[in-house]
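The values are calculated or read from the model by the stated rules, or taken from the named source; none is laboratory data. Treat the numbers as computed from the prediction; the structure is a model and nothing was measured. FYI the Cβ positions are ideal-geometry reconstructions off the backbone, even for glycines, and counts take in every protein chain you see. Surface accessibility is based on the protein's heavy atoms, side chains included, excluding ligands, DNA and RNA. Shrake-Rupley method; radii C 1.70, N 1.55, O 1.52, S 1.80 Å.
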Amino acid sequence: MINNSAKDNSSGIASDILNTVSRILNKAAAIEKEPVDIGHGVLLYASEVHLIDMAGRYPEAGISQIAARLGITKGAVSQTAKKLEEKGYIERANREGDKKSVVIRLTERGKDVFYWHSAYHEMVNQDMVGQVSKLSHRDIENVFSILMQMERMLDNCPAVRKKLAGSSCWRTPEHPDEDRSQSII
């Protein structure tokens, strides 16, 4: 845990925070990679569940709108939609009077997944609310401030990677040909 008495050790504290956040992100990524069977005997991946969620929340949204909401390409939505259609969770249909626009409609099985996903997030969110409610207002503000600073740091990561890739400043003088990029980035 972080040693609060070592205020001069801000680099160590920052490292502890980054390591903790990295561990949290890795755990979240592992959860997202693990497929789930909600009781139909079919494994669904997070990308499939999230597409079903979008189709359930925005039933008249087209492929482009769903792609924008998920932050992925239209091609990725189309590929996932094809898999879900084959599994019996969605139907693709044209909007009335518009043969170019495709909407995604949930089947009964798709609605089961949509309700399961909503219940899952409700339970996870309730747990989060319970944990946050234990914090003081000042602690909540501090946590939020740190998270915002971390978001800015992550937003800057592509530029840092590019800068390091175009420079040799990361090579050590003792080992100029040693590739240390994996340990830095």
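Quick notes on this one:
- Applying a DSSP loop filter and a limit of 14 other Cβ atoms within 10 Å to the GluC sites (Glu not before Pro) in the stretch 1-110 leaves E60, E96.
- Unit charges at the beta carbon, dipole of the stretch 1-155: most positive-side option, L135, Y58, G41: Y58
- Global form of the stretch 33-174, assessed from the alpha-carbon gyration tensor, a/c cut-off 1.5: oblate
- For L84, the accessible surface of its heavy atoms amounts to roughly 0 Å² (probe 1.4 Å, protein chains only, rounded to the nearest 10).
- Among the trypsin sites (Lys or Arg not before Pro) in the stretch 88-181, those located in a DSSP loop and surrounded by at most 10 other Cβ atoms within 10 Å of their own Cβ are K134.
- Overall form of the stretch 105-161 per C-alpha gyration tensor (a/c, 1.5; a/b vs b/c): oblate
- Using 0.36 nm per residue and subtracting the Cα-Cα separation, the extra length available between C157 and S118 on full extension is 10.8 nm.
- Amide H partners (placed H, <5 Å) of S101, local residues excluded: R95
- With each label modelled as a point 7 angstrom along the Cα→C-beta vector, the K134-E96 pair spans 5.2 nm.
- Exceedance of the 19 Å cut-off in Cα-Cα distance is limited, within the set K27/K162; K27/K87; K27/K82; K74/K100; K83/K111, to K27/K162; K27/K87; K27/K82.
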